1. Which condition number does Leu635 fail, the rest of (1) closer than 26 Å to Asp322 by Cβ; (2) surrounded by fewer than 23 Cβ atoms within 10 Å (Cβ to Cβ) being met?
2. Say whether the condition of being more than 30 Å from Thr443 (Cα to Cα) and touching a Gly at 6+ places or on another chain (Cβ under 9 Å) is met by at least one residue in the stretch 520-539.
3. In the stretch 597-639, how many residues are in a helix (DSSP H, G or I) and more than 10 Å from ligand 1 (Cβ to nearest atom)?
4. Which one of these is among the acidic types (Asp, Glu) and surrounded by 15 or more Cβ atoms within 10 Å (Cβ to Cβ): Asp148, Asp92?
5. For Ile760, work out the one condition from (1) away from ligand 2 (no atom under 16 Å from the Cβ); (2) outside any strand (DSSP E or B) it doesn't fulfil.
6. What's the number of the condition Leu149 fails, among (1) farther than 25 Å from Asp36 by Cα; (2) in contact with a Pro (Cβ under 7 Å, 6 or more places away or on another chain)?
7. Could you look through the stretch 1-59, keep only residues that are among the aromatic types (Phe, Trp, Tyr) and not in a helix (DSSP H, G or I), and pick out the one that is nearest to Lys101 (Cα to Cα)?
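The values are calculated or read from the model by the stated rules, or taken from the named source; none is laboratory data. Small disclaimer: the values here were computed from a predicted structure and weren't measured. Note that each Cβ is placed from the backbone with ideal geometry, even for glycine, and that neighbours are counted across all protein chains shown.
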Amino acid sequence: MKKLTPMMKQYFEIKEKYKDCILFFRLGDFYEMFFDDAIIASRVLEITLTGRECGFDEKAPMCGVPYHSSNAYISTLIRNGYKVAICEQTEDASKSKGIVKREVVKIISPGTIMDDSILNNKENNYLMSITFNDTSASISYVDISTGDLSCTFIDRSMLYEEIIKVKPTEIIYSSQTTEDRLKLICDQNNIFLNENSTKYYSTDSSILSKYFDESYLLNVGILDKIEIKYSLIGLLNYIYNTQRQVASNINKINYYNSLDYMCLDVFTRRNLELTETLRSKEKKGSLIHVLDKTSTGMGSRLLKKYVDEPLINKASIQERLDLVDELVKDYNLREDISSELKNIYDIERLCGKIAFENINPKEIINLKKSISRIPKIKHIISNSECIHLKKLSEKMDELSDIYNFINDAILDEPSVTLKDGNIIRSSFSDEVRELRDLSKNGTHLIKEIESRERLKTGIKSLKVGFNRVFGYYIEITNSNLKQFELPSEYIRKQTLSNAERFITLELKEIEEKILNAEEKIKELEYQLFLDIRSRIYKNINRIQLVAKVIAKIDVLISLSQVAYENNYCKPTLNTDGNLTIIDGRHPVIEKLINEENFVPNTTNLNTSDCSICIITGPNMAGKSTYMRQVALITLLAHIGSFVPAKEANISIVDRIFTRVGASDDLSQGQSTFMVEMTEVSHILKTATKNSLVILDEVGRGTSTYDGLSLAWSIVEYISNNIGCKTLFATHYHELTVLEKNLSGVKNYSVAVEENGEDIIFLRKIVEGGADKSYGIHVAKLADLPDEIIKRASEILNKLEQSNINHAPHDFSSATIEAAFTKESVVNEQISFYDTNPLLKEIVSLDIVNMTPIEALNTLYKIQGKAKSMEMI
Ligand code: ADP
Ligand code: MG
C-alpha cells in the first residue's frame, strides 16, 4: 500500500476527532473538503467535485470554497442539517518548516449559528441540553444569539411535550443510547440531534464559574439541584467546545417549573395551528399570524413565547389583561409608542454580537439609534394615566451614558468593515485627528506641487497622479516633452504611448507620509473600535434588561392593536369552572372569510348541567371551527390577550386537549386508528376536571359500529370519571341519546336549512341534536353529477328501510345495554347477512384452512356470482 502524503495524514488526524462535522480544511485562500465530506458538500452546495493526489492509488475526492465567501456556503450546509468544523492554519506558513500546523478553531451547528442570513428574527434559535434521570429529565436551553437561557426539571412523560414547545434547532444529551422516540421527534421537527456526543458533553463544572457567581446560582435555586446543574454544565461546555469562547451575553438563568404554564401536547399545538398551519406548516393562517403586530424582533419572539406558554395563574394573567386594557383604551398612546418602537433594532441580537465580538461599526450605530428612542418611550409611558404601564417605565434605564459614549466615539455613518478606517470621530481621539490632518494635508501638498510645477515648467497640462505600483508621479504628454525643457530633478519612471511619467524626491517624501498616515489610521481606528466595543460590552447586562422591557411593551402594544382592530373584548376570569362566551368567533377563520360573513356563536359550559356538549351536524356545517374557536378563545385569555367575542367569562383551565379523528387527519399520512386511540388514551389518563377537551370526530377511523361504540363509551367515561369541560363533535347522531342518560351532557347541533335536495348552512350552533347526516346534500353542494345524487338518494331510501341502517335511533337507557351486548351485535350481523346469499357464503368460508390455490379459486367463483347479480 502506498503511503499517505504528510498533509493528508494531518487531515485524517483532525478529521478523526470531528467525524460528525463537515471539515473545512484551510489551504491558502480556500477551505477544502475531502472524501465523503467532499461528496456531500459538492452535492449540497452545487460545486464541482475534483480530486487530489493523497498518496493512495486513487485521488481523494475534493471540493473547495473560497475563504472570503465561505459564510454563505456554511449557512447552506447548516440549513441542510450538517455541522461544519472550521480548521485553520494556526502558524505562519512562511515561517514553518514542513507541514503548517492546523487546528479546528470553531464548530458551527444549527444551534450555535450566529449568521443573520440564517437566523429568523421572529423566532429564537435554541440549543437544548438534556440530562436523563430514571423517571425525570433536566433540560437547559439557550439562544446564544440573544443570551436567553432557561432551565427546568421535568417528568419523563412530559419531556417530549416540552421539547416540542421549545422547538430547539439542536439537541445534545448525556446518555450513550438514544431513545427511538427522541430520534423520531427530532426527525419530524427538523431538530439536529447530536448522537453519541459525549465528547462535547463534558461534566467539567468549572465552566459554570465563567458565567455565573456562586451566589447568583444559589439565588436562582439550581446549585443544589444536581441534575439541572449537569444539563446546564453540558450546555455551556458544548458552547465552549464549539465556539472556543465564553458567550457572556448569557448571564441570567430563567429557572422555571413547567407546571406554572398551561401544558399543551404536541397534537393540541398542531391542531389549534398556534404558530403554523397543519398542512403547509406556514405561519400565515396560524394564530400567531393574526396576533403578531409587533415592531421589533424581540417583541415578535416574546409574543411567540406567550403563545407557546399560556399562564395558569389568575393574578399573572389579570396583570397582562389590565395592561392590554389600558393600551386598548388609549389610541394616541399606542400610536406614539408604536412609532418609536418601529425605529428600534434587534437590541438582543446586537448584544449577542457584542459578546461574540462580531459586531461591526454600523451595527453599533444601530444600537445607538435604538437607545436614542428609549427616553421618549419612557417619557410617554411615565406620563400616561395608566398605572400598570407606569410601573413598567420605572424599570427602564435610559442608557444615556452609553448613547453619549457611542455618539462621541463613532461616526454617524461608519464603514461596515473593521479594518478600513472611517469609524472613529476625529474629536474622539487626538491621534486620529492628527493622522487625518496629515493625510488630508498631504493631499493638499500634492495639489500645491502640481500648480507649482506647472508654473516652473510652463506645461499647463502637467498633472500629478497616483497608482499602486509607482505611487505619486508627474505626467507630461509627449507633445509637451518635445516643446519644453524638464527640470533636472525629474526622474523618468514609466513610458506610456502618449506620455511619460516622472517622480521627484520631494514627491516621494510626501507620499510616504500620506501612505503611512493612512495605514496608521486604519490600524488605530481598528484598535480604538475594539476598545469601544469592550467598553460597551461591560454594560451588556444593562442593555439586555432594557431590551426585555422593550420586548414586553412591544408585545402589549401588539395585543392591544389586534384587540382594537378586530373588536375583541376583555375576558373576565374565574376559577369556578364556568366558561361563557357570548358571540364568540374563530380569530383566524373570521379573517379568512371576511369578518362580516362569520357567524358568531355562544358557548356555555359549566360544572353542573352542561360540562359535555355533543355537537352534531352535517359535514362542512362548522363543527370543527366552532370547537377550535372555543379552545382558541380560552387559550387567548390565558396568554393575557383580549378575545374575539362580545363577552367572555373564562374559567382558568390547567390544560387544553384537542384530538381530531383519524380520517379527518389523513393528510398527515401517519394518522392511523391506532394513533388516534393512543392519543385519546393519553387524554383520558391526563385530563383533570379543570381541563378543556376537544374531541373532533373521534372514532371515525374505524367501522361504524366500532366507532360508535367507542365514541359512546368515551363520553360515558369522561362524564363518570373526569368531569372535564368537553366538546365532542360527531357525525354519529345516535350519540345524542346520551343527553338523557348522563348528567351534564347536552346536545347541540349546527343549524342547516333544508329545502328538498338542497341545504343552506346557517353556521349557528343551536340546542338539540341533528337527526341525520345530510351527506348527500353536501355532496350535491360539491357538484357531484346529478345522476349520482339521484341514485344515492334511492339507495339511501332502500338502506333506511332495510336492516343495514338499523342504528340505535331511539335508545332508551334500558335498551342501550342490550343493543350493545356482543350477542345482539352478532345477531344483528347474521340477520343482515341472511338478506344476501353471497355475503352469507363469504362469511361461512374457512379461510384459515384454505390453500392459496383454493382461496384464489373461491374468490374467482364469488366474483363470477357477484357479476351476475344485481346489487340492491
Ligand atoms: P365541519 O367540521 O362541521 O365539517 P368546519 O368547521 O370544517 O365544518 O367548517 C367548514 C367551513 O365552514 C369552514 O372552512 C368555514 O369556511 C365555514 N365556517 C365554519 N364556521 C363558520 C362560521 N361560524 N361562520 C362562517 N363560516 C363558517
Ligand atoms: Mg370537522
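1. In the conditions (1) closer than 26 Å to Asp322 by Cβ; (2) surrounded by fewer than 23 Cβ atoms within 10 Å (Cβ to Cβ), Leu635 misses (2) alone.
2. Checking the stretch 520-539: not a single residue is more than 30 Å from Thr443 (Cα to Cα) and touching a Gly at 6+ places or on another chain (Cβ under 9 Å).
3. 10
4. From the options Asp148, Asp92, the qualifying one is Asp148.
5. Here Ile760 clears every test but (2).
6. (2)
7. Per the stated criteria, the residue is Phe25.
Conditions (1) part of a helix (DSSP H, G or I); (2) in contact (Cβ under 8 Å) with a residue 40 or more places away in the chain, marked per residue:
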site	(1), (2)
Lys740	yes, yes
Val752	no, yes
Ala770	no, yes
Ile776	yes, no
Arg791	yes, no
Lys798	yes, yes
